[in-house]
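What follows is a set of notes on a single structure, which appears directly below.
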Amino acid sequence: VALKRMLNFNVPHIKNSTGEPVWKVLIYDRFGQDIISPLLSVKELRDMGITLHLLLHSDRDPIPDVPAVYFVMPTEENIDRMCQDLRNQLYESYYLNFISAISRSKLEDIANAALAASAVTQVAKVFDQYLNFITLEDDMFVLCNQNKELVSYRAINRPDITDTEMETVMDTIVDSLFCFFVTLGAVPIIRCSRGTAAEMVAVKLDKKLRENLRDARNSLFTGDTLGAGQFSFQRPLLVLVDRNIDLATPLHHTWTYQALVHDVLDFHLNRVNLEESSGVENSPAGARPKRKNKKSYDLTPVDKFWQKHKGSPFPEVAESVQQELESYRAQEDEVKRLKSIMGLEGEDEGAISMLSDNTAKLTSAVSSLPELLEKKRLIDLHTNVATAVLEHIKARKLDVYFEYEEKIMSKTTLDKSLLDIISDPDAGTPEDKMRLFLIYYISAQQAPSEADLEQYKKALTDAGCNLNPLQYIKQWKAFAKMASAPTSYGNTTTKPMGLLSRVMNTGSQFVMEGVKNLVLKQQNLPVTRILDNLMEMKSNPETDDYRYFDPKMLRGNDSSVPRNKNPFQEAIVFVVGGGNYIEYQNLVDYIKGKQGKHILYGCSELFNATQFIKQLSQLGQK
């Protein structure tokens, strides 16, 4: 809503106004691009009147008779470039929108440039948008993508970090969280664990919200903001957790669709990039192997199949794709029939959508054909994505890893030894083995004896693993002295069921042979458990000493005693140090059972296990 309002020259966007939109160009930097791209498609931008969208630092030709909407971070180089645009008189008028608040001195720089270029009248509006965060789902956001190494797990947990560096990291996180609440239009009640980076964020955020509320004239929370009608009159709860309370989940192999896509494929800001392997068999001997085609697909809220199944266990997804395909095949003749009515057998699909004739036959064909073609596009998309995921599952025995890790995390008896899996050359990549071992090490009630550890290390080294992450986890475990209260993951049991007959029959797209059909039991992960305690006001030693901040209270008193005794209806969980889709899915499943309650999940960066292991490895380097 905020973006549409901005693209509409900062006046609320009216859905069904008949007039043509005002044509304009959109100029953004990489930050702006990352914020807009998961939310608005090119088509939606066009509907808003955006004919061109260009990067600020690209070579842009002057277009003297159109207004330009800028959406950029207020950095030195961006400001310089905007001033240059003014001097070069590129556009008719300028609507300057800053992703995060611009400082007074930088505003003056722009004002001076506008004066010098005598373009003051052309600068129509200057706005702080407070949109410095990236929304990936209706209930999920991440802070940044461009400079995520600044706020990464590694950045926060570096042993040699100086106080000033840490301050910068915290300020970056707080700036984004502040933007998030301005856009929500709500002042939260903040809870956080003590002695962690999450606590530093809480203190700073409380201060920043408090200062803004106190300055009544310029307060951003006066109620006429966008979010005023979004939430009930009750304020939301913000739970700040530190990644260190649970390092096992980000390493965990997973079994639900969205988390698997993120784990094994290149999935980033809601777009998945696939390499299509081209057929090898038909090329003559000695021919150069064909180049792999890269395809990218957007997995968006508009995609109904994705919305419905992103949280489903993988075998269920495979079965659903198969069903969709069969139901489409039944309609395929209909598509051919419609095309022939329209005399379009050989035409490409683009031409079809252009036609519209007023005969009844054509009208019905024109209306139902695009729908069927869209359905076909989604089926093809998910067939490709699911097949790519399945190849990884089969090649790396991910079902075995997932099941075994679940058993470790839920402390059930293990059916085969960890050493066997690590030493099995067919099971998984070195990284898979390392993830499994780290989960075992993190979850262990008591650490394995030195002799055992040496044996494991030898097996891991033989399997080609890099042992740096273990170095770090060892220090972390010693430092955290978490041994007294290891995080419990409850007792899930994944019960393997006989493979689905549908998927097994040879007509299926997916050869699921040998892949276990594991069914999940809802099982709260640590982050979800903490949220449940705080949201429902349950007393629990794990969360009883969490600090309590209420920025609306005049005097900030640092008590852990909540003022408000009622359970919350809305909560935002934010993980400082990085999050993942496994936790997100777990929260989504948890809240499904709670009528009328909402949860949003946010994290400082979104990483999959590969990216996380890399950070642990850097931390563990001698």
So which aspartates and glutamates can K594 reach, going by Cα to Cα under 13 Å and dropping same-chain residues fewer than 8 places off? D532, E536, E570
Please give the FRET efficiency for T387 paired with E149, using the beta carbon to beta carbon distance and R0 = 30 Å, rounded to the nearest 0.05. 0.35
Relative packing of 572-579, 612-619, which averages over residues the other C-beta atoms within 10 Å, highest first: 572-579, 612-619
Compute the normalised compactness of segment 1-131: alpha-carbon radius of gyration over 2.2 N^0.38 Å, N being the residue count. 1.00
Just the number, please: Stokes-Einstein D of segment 398-483 in µm²/s, Kirkwood Rh from C-alpha pairs, 10 °C, 1.306 mPa s. 120
Skip the ligands, DNA and RNA, and give the accessible area per residue of segment 1-131 with a 1.4 Å probe, whole Å². 51
Apportionment of accessible area to carbon and sulfur, segment 398-483, percent (1.4 Å): 56
At what distance in angstrom do the alpha carbon centres of segment 409-449 and segment 103-154 lie from each other? 46
What's the FRET efficiency of Q234 with L115 using the Cβ-Cβ distance as r and R₀ = 56 Å, to the nearest 0.05? 0.70
How much of H598 can a 1.4 Å solvent probe reach, expressed as accessible area in Å² and rounded to 10? 100
Potential lengthening between I341 and T75 on full extension [0.36 nm per residue; Cα-Cα distance subtracted]: 90.0 nm
Stretched fully, the stretch from E108 through A124 gains (0.36 nm per residue minus C-alpha distance, one decimal, in nm) 4.2 nm
Could you work out the relative contact order of segment 398-483? I mean the mean sequence separation of Cα pairs under 8 Å and 6+ apart, divided by the number of residues, in percent. 31
Largest first, what is the accessible-area ranking of S604, S539, S103 with a 1.4 Å probe? S539, S103, S604
Label-point gap, in nm, between H57 and S417 - each point 7 angstrom along Cα→Cβ: 5.5
With r as the distance between the Cβ atoms of K474 and V302 and R0 = 51 Å, compute the FRET efficiency 1/(1 + (r/R0)^6) and round to 0.05. 0.65
What percent of all Cα-Cα pairs in segment 375-436 falls into each 10 Å bin, going from 0 up to the bin containing the maximum distance? 20, 42, 22, 13, 3
Given a 1.4 angstrom probe, what's the average accessible area per residue across segment 398-483, in square angstrom? 45
In nm, to one decimal, how far is the K594 label point from the I161 one, both placed 7 Å along Cα→Cβ? 2.9
Which sequence of K4, K416, K457 reflects their accessible areas, 1.4 Å probe, from the largest down? K416, K4, K457
Carbon and sulfur atoms account, in whole percent of the 1.4 Å probe accessible area of segment 83-155, for 47
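The values are calculated or read from the model by the stated rules, or taken from the named source; none is laboratory data. Quick caveat: nothing in here was measured; it's all calculated off a predicted structure. With ideal geometry, Cβ positions are generated from the backbone for all residues, glycine too; neighbour counts draw on all protein chains shown. In case anyone asks, the SASA skips ligands and DNA or RNA and just uses the protein heavy atoms, side chains included. Shrake-Rupley method; radii C 1.70, N 1.55, O 1.52, S 1.80 Å.
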